[in-house]
Amino acid sequence: YNALLNTDGSPLAFDEETAQSFEVGFKSNPAPSVRLNGAIFSNAYDDIQLTYRVGPAPLLFNAGEATINGAELELYYAPTDALIVDASIGYLDAEMDTVRTVPDLGAQTPTATTQAGDRLPRAPETEFHIGASYVFDIGSRFELTPRLDVSYRDSIFFDAGNDIGEDSVTLLTGSLTLADVMNDWRISLRGDNLTDELYLLSGTTSASTATGYSEGIYARPRTFSLVFTKDF
């Protein structure tokens with residue numbers, strides 16, 4: 001239940017959501033050094049649960065019917081024992097089809113409600129990733145492995161009403177790992193958001209109400225970490 005009462009004093013409840021899902025895919029090894037996987041899928045939601053704002057309070061409602069159609073492709077390529085390249089791409093078409101009427105809450109009217117054709121929250125149309133690593137042998141005991149990853153995410157919305165979101169963003173991460181293959185330990189220096197991108201991780205808005213505010217949480221700036229791991 002939501003922490004809000006109906007006009008008759010009963011708790012404001014919401015129904016379960018249901019989904020009909022379909023997926024077909026493949027896994028293949030077209031060459032000894034190549035693995036290729038792919039899938040297409042479709043999810044049809046009825047009574048999908050989305051968060052609306054009633055003043056400053058976030059409440060769950062059954063928004064209506066929605067459809068998520070998509071496809072994804074993954075590639076793994078290892079031309080040598082030392083070099084590994086992996087990549088993936090995904091596509092989503094996720095939007096509201098029909099919208100249910102929001103329950104009557106008297107003077108407390110939900111804001112940021114959705115409309116037919118709105119995109120679902122946190123559903124980027126396209127995503128892409130590519131990464132590569134190379135293992136350098138240092139004598140017979142140590143391995144030094146640098147790795148770089150580039151990822152792209154299309155623009156997204158954080159709320160049901162498509163009122164607050166974030167533009168597309170491309171991120172670069174990297175690591176340098178020294179491993180002792182005889183004693184099963186490794187130490188890694190990792191760098192996240194190496195290009196120091198400024199972008200939102202989440203956000204909410206109630207700008208059309210008397211409270212009139214919007215807020216967001218930003219991702220960390222360029223960050224480095226050092227991790228030691230020992231296998232027993």
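What does the convex hull of the alpha-carbon atoms of the range 68-193 project to on average, in nm²?
Details: hull surface 45.8 nm².
Across all orientations, the range 68-193 yields a mean hull projection of 11.4 nm².
Taking only Cα atoms of the chain, what ratio of Rg to Rh do you get with Rh as the Kirkwood inverse-distance radius? Kindly include the intermediate steps, with their values, before the conclusion.
Details: Rg = 23.3 Å, Rh = 21.3 Å.
The Rg/Rh ratio comes out at 1.09.
Considering only protein heavy atoms, what is the solvent-accessible area of ILE130 at a probe of 1.4 Å, reported in Å² to the nearest 10?
70
Determine the share of the range 136-181's accessible area contributed by carbon and sulfur atoms, expressed in whole percent, with a 1.4 angstrom probe. Don't jump to the answer; show the numbers that get you there.
Details: 1310 of 2270 Å².
That share works out to 58 percent.
Throw me the Rg/Rh for the range 120-232, computed over C-alpha atoms with Kirkwood Rh, two decimals. Present the calculation step by step, with values, prior to reporting the outcome.
Working: Rg = 19.7 Å, Rh = 16.9 Å.
So for the range 120-232, dividing Rg by the Kirkwood Rh gives 1.17.
Would you work out which of GLY38, PHE232, THR170 lies farthest towards the positive end of the dipole of the chain? Charges go on Cβ: Lys and Arg +1, Asp and Glu -1.
PHE232
Using only protein heavy atoms and a 1.4 Å probe, report how much of SER151 is accessible, in Å² to the nearest 10.
Answer for SER151: close to 40 Å² accessible.
Can you tally the net charge around ASN37? Count Lys and Arg as +1, Asp and Glu as -1, for every other residue whose Cβ sits under 12 Å from the Cβ of ASN37.
Working: positive: LYS27, ARG35; negative: GLU72, GLU74, ASP86.
Result for the local shell: -1.
Given the Cα-Cα distance of LEU189 and TYR213 and 0.36 nm per residue of separation, how much length would full extension add, in nm? Don't skip to the answer; put the middle values down first.
Values: separation 24, 0.36 × 24 = 8.64 nm, distance 3.97 nm.
Contour length minus the Cα-Cα distance gives 4.7 nm.
Solvent-accessible area per residue for the chain at a 1.4 Å probe radius, Å²?
Details: 13780 Å² over 232 residues.
Computed with neighbouring chains in place, this is 59 Å² per residue.
What does the charge add up to near THR204, with Lys and Arg as +1, Asp and Glu as -1, over the other residues with Cβ less than 12 Å from its Cβ? Present the calculation step by step, with values, prior to reporting the outcome.
Numbers: positive: ARG53; negative: ASP159, ASP163, GLU215.
Net local charge, THR204 excluded: -2.
ALA31 to LEU201: extension gain in nm, 0.36 nm per residue of separation minus the Cα-Cα distance? Write out the running numbers ahead of the final one.
Details: separation 170, 0.36 × 170 = 61.20 nm, distance 3.90 nm.
Contour length minus the Cα-Cα distance gives 57.3 nm.
Roughly what would the spin-label model give for ASP180 and ASP93, points 7 Å off Cα along C-beta, in nm?
Inter-label distance under the simple model: 5.6 nm.
The values are calculated or read from the model by the stated rules, or taken from the named source; none is laboratory data. Note that the coordinates shown come from a computational prediction; the quantities given were computed from them, not determined experimentally. FYI the Cβ positions are ideal-geometry reconstructions off the backbone, even for glycines, and counts take in every protein chain you see. Heads up: the accessible areas ignore ligands, DNA and RNA and are worked out on the full protein's heavy atoms, side chains in. Shrake-Rupley method; radii C 1.70, N 1.55, O 1.52, S 1.80 Å.
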